[in-house]
Amino acid sequence: MNKSVYSIVLNDDVVAAVDMLAMKLGTNRSNLINQILAERVSVMTPERRMKDIFESIFSLMDERFVRDATAAGSALAVRSSIAYKYKPTVRYSVELLRAPEGERIGELRISFRTRSRSFMDMLSVFYQLWISIESAYTERQIMYKAEGDRLIRGIYFPKGRKSADTEQLGALIGEYIKAFDSAIKAFFTYADQPDIAAVKVREHYERALKNGIAGI
């Protein structure tokens, strides 16, 4: 969506209120005014599209997840706790591109805040297990980056497409996060039994396939 510079006359009090709201929302004056006008005249902007996808994702989250209000306007973040020793918290951040790059529309960033070497070693095992299972069920080339306590995975339109309904995308991303969360919790539940843990992770992934998560 192209942008141009326009000169408009606004009341100073209106501008002050807009600036204050923009600061609270983590955006700037121009973007906020653009969003307000777009909503008024029913124009779908990249920001509105992101918001609709995020709301669709969050509508699928159950009681396991708490929304992270610190996420920027181009991202949605939720947190979930894992029942393992000191109950570490996993953060799922969905970051979308303003404009798709081919089939890629953004990234899912999964992270913990931990300095425990043993925990990070186990995370590394889980990440590689998840990637290997997912790779076995999809023909597309998915971008992954696993480093320390973090995993980054590309998010895509359904294979072979360069567009999709925002509600559909939100549902697919939401189901993926739920499946990943269930799998990682199962993995740590059976942390002392690696073979069983691997079977449980695969079972969660295969169960989620019925909800279309291989599509993204």
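No value in this document is a laboratory result; all are computed from the given coordinates. Quick caveat, the model's predicted, so the values are computed rather than measured. Counting neighbours? That spans all protein chains shown, and the Cβs are built from the backbone with ideal geometry, glycine included.
Of the cross-linked pairs Lys145/Lys185; Lys3/Lys51; Lys159/Lys200; Lys159/Lys210; Lys85/Lys185; Lys3/Lys145, those separated by over 23 Å at the C-alpha level are Lys159/Lys200; Lys3/Lys145.
Taking loop as defined by DSSP and a crowding limit of 12 other beta carbons within 10 Å, which chymotrypsin sites (Phe, Trp or Tyr not before Pro) in segment 119-216 fit? Mind dumping the intermediate values first?
Values: sites: Phe119, Phe126, Tyr127, Trp130, Tyr137, Tyr144, Tyr156, Tyr176, Phe180, Phe187, Phe188, Tyr190, Tyr205; in loops: Tyr137, Tyr190.
Answer by residue number: Tyr137.
Think of it as helices only: each DSSP H run of n ≥ 4 in the chain is worth -39500 (n - 2.57), and spread over all residues that comes to -15500 deg cm²/dmol at 222 nm.
Using 1/(1 + (r/R0)^6) with R0 = 25 angstrom and r between the beta carbons of Ile133 and Val66, what's the FRET efficiency to the nearest 0.05? In this case the efficiency is close to 0.40.
Once the other residues with Cβ under 13 Å from the Cβ of Leu108 are scored (Lys, Arg +1; Asp, Glu -1), what is the net sum? All intermediate terms of the calculation are to be shown ahead of the outcome.
On the way: positive: Arg91, Arg104, Arg109, Lys145, Arg150, Arg153, Lys178; negative: Glu95, Glu107, Glu134, Glu175, Asp181.
Taking every Cβ under 13 Å from that of Leu108, the sum is +2.
Taking the Cα centre of segment 46-215 as origin and assigning +1 to Lys and Arg Cβ atoms and -1 to Asp and Glu Cβ atoms, the resulting dipole is close to 320 debye. Spatial offset of segment 12-35 relative to segment 58-104 amounts to 25 Å, using the alpha carbon center of each. Quick check on the chain: take the gyration tensor over C-alpha atoms, sort the square-rooted eigenvalues as a ≥ b ≥ c, and tell me if it's rounded (a/c under 1.5), prolate or oblate. Prolate.
The Cα center of segment 189-216 and the Cα center of segment 124-159 differ in position by 13 Å. As a length-normalised measure over Cα pairs under 8 Å and 6 or more apart, the relative contact order of the chain settles at 17 percent.
Sorting Val5, Val14, Val94, Val66 from the fewest to the most surrounding beta carbons within 10 angstrom yields Val5, Val14, Val66, Val94. Among the trypsin sites (Lys or Arg not before Pro) within segment 84-190, those in coil by DSSP and having at most 16 neighbouring Cβ atoms inside 10 Å are Lys85, Arg113, Arg115, Arg140, Lys159, Arg161, Lys162.
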